[in-house]
Ligand code: ZN
């Protein structure tokens, strides 16, 4: 039973994520499976629940409704700002992702939805909000978590560099994974001073 996915197991997972229209939006690179601690909300609940009981070598197609994934699209998270409210020199383009930080250094990512004169429309919903997610998964490995991993709520097995990044990711926001670029800025005012790392473009 030791290689069966259950709470406090570290799982290595190869996956491809498609939208309902078949578009691939995320996948694990060959030989670089996603590692997560089962039962610790490292991954979206709809996927985690469907992986319980699988074992190494198992493959599964998992369909996750928005409510069990990144949530429904919330129209209240669409905000129109005047360009004067934004840091000067911030390049803006429809489809671009922009990271905003508050005083507590919480990062909120928004997508530029529209630009009309000086009015910029931002959508603060997760880019996958409202989407039904189709995962093709293969369980690569299942092992017991260490006491430290259980205490931290995430796996440590990929070495020091990954551990630090991972620790920061999950300390910052437990809801979903950030790219490490997201950790580069402290507050909104820094946009002016920082270089291109200050925001992400698609
Ligand atoms: Zn840790």
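Read-outs throughout are calculated quantities, based only on the coordinates presented, and are distinct from any laboratory measurement. As the structure is a prediction and not an experimental result, all values here were calculated from the model. Quick reminder, even Gly has a Cβ in these numbers, built from the backbone with ideal geometry, and neighbours come from all protein chains shown.
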Over what distance in Å are the Cα centres of region 82-131 and region 10-41 separated?
27 Å
Only counting other Cβ atoms within 10 Å, I'd like 68, 82 sorted with the fewest neighbours first.
82, 68
Ranking of 81, 96 by count of other Cβ atoms within 10 Å, fewest first
81, 96
Return, for the Cα atoms of region 88-155, the radius of gyration and Dmax in Å, separated by a comma.
19.0, 56
Between residue 7 and residue 32, what is the FRET efficiency for a Förster distance of 22 Å, r being their Cβ-Cβ separation, to the nearest 0.05?
0.35
Mean shadow of region 1-123, computed from the convex hull of its alpha carbons, in nm²?
10.7 nm²
Given 5 Å bins starting at zero, what is the percent of C-alpha pairs of region 1-69 in each, up to the one with the largest pair distance?
3, 15, 26, 28, 18, 7, 2, 0
Quick one: 135, 124, fewest Cβ neighbours within 10 Å first, how do they rank?
124, 135
